[in-house]
Amino acid sequence: MAPRMVPRMRYVAALLALIAGGLRAEPAGAPLEKEVADLIAGSQVTVVHFWAPWCANCKAELESAGWARFIAANPGVKFVFINIWHKGQNPQPMLAAAGLGAQPNLRLLTHPNPSKLAADRLNTFLGLPITWIPTTWIYREGKLRTAFNYGEIRFPVLQQLLDDTQDKWDR
């Protein structure tokens, strides 16, 4: 092989590797994860709540406007509801019936992957496992402080954990 061909082949190989790397598809949920990561990064306490319209425990949490009252009682806390495993169902009617949507400290998001099949569904978010819904995480300054990964939350318990998360720890 001619000596001048070797540098050209290396150049072409490097160029092809760069192009191939740039053509990799971004996961469907990546923009949503970036948005949520930006929301939790601040000093304000943020509650991230994963749910689905078909889920009985999720519906129970929405009854009697429980979440609406809780969010109104905590105006200094950001709340992010993420509709996952939703099978393409529109969450807006259910949320509106529960009094959710107009609160200034609430973001309503839907993950682009609607599947609830174990092999296809969203199983991690921000590098953390999601194994059940509802799942509720509490963040402060971008760090996970508390996680409920097993189902329906009781609002007095959540309030205590929010209060604890907001406290300054001088220990």
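Points to keep in mind about this one:
- Ascending count of other beta-carbon atoms within 10 Å, so fewest first, for Ile130, Ile40: Ile130, Ile40
- Fewest-first sequence of Ser43, Ser115 by Cβ atoms within 10 Å of each Cβ: Ser43, Ser115
- Label zone (Lys116, point 7 Å along Cα-to-C-beta; backbone nitrogen cut-off 11 Å) within the range 132-168: 133-134.
- Gyration tensor verdict on the range 68-129 (Cα atoms; rounded if a/c is under 1.5, prolate if a/b is larger than b/c, oblate otherwise): oblate
- Added length on full extension, which subtracts the Cα-Cα distance from 0.36 nm per residue, Glu141 to Ala30: 37.9 nm
- The residues neighbouring Arg69, those whose beta-carbon lies less than 14 Å from its own, together hold a net charge of -1 under the Lys/Arg +1, Asp/Glu -1 convention.
- Here's the list of lysines a cross-link from Lys168 could span, going by alpha-carbon distance under 19 Å and ignoring same-chain residues fewer than 8 apart: Lys78, Lys143.
- Whether the range 90-171 is rounded, prolate or oblate, judged on the alpha carbon gyration tensor where a/c under 1.5 counts as rounded: oblate
- Using a Förster distance of 22 Å, the FRET efficiency for Asp167-Ala102 (Cβ separation, nearest 0.05): 0.15
- In straight-distance terms, cross-link reach from Lys116 covers every one of the lysines whose alpha-carbon lies under 19 Å from its own, apart from those fewer than eight places away in the same chain; here that gives Lys59, Lys87.
- The mean sequence separation of alpha-carbon pairs under 8 Å and at least six residues apart, normalised by the residue count of the range 43-162, gives a relative contact order of 32 percent.
Throughout, read-outs are computed from the coordinates displayed, never taken from laboratory work. Quick caveat: nothing in here was measured; it's all calculated off a predicted structure. Note that each Cβ is placed from the backbone with ideal geometry, even for glycine, and that neighbours are counted across all protein chains shown.
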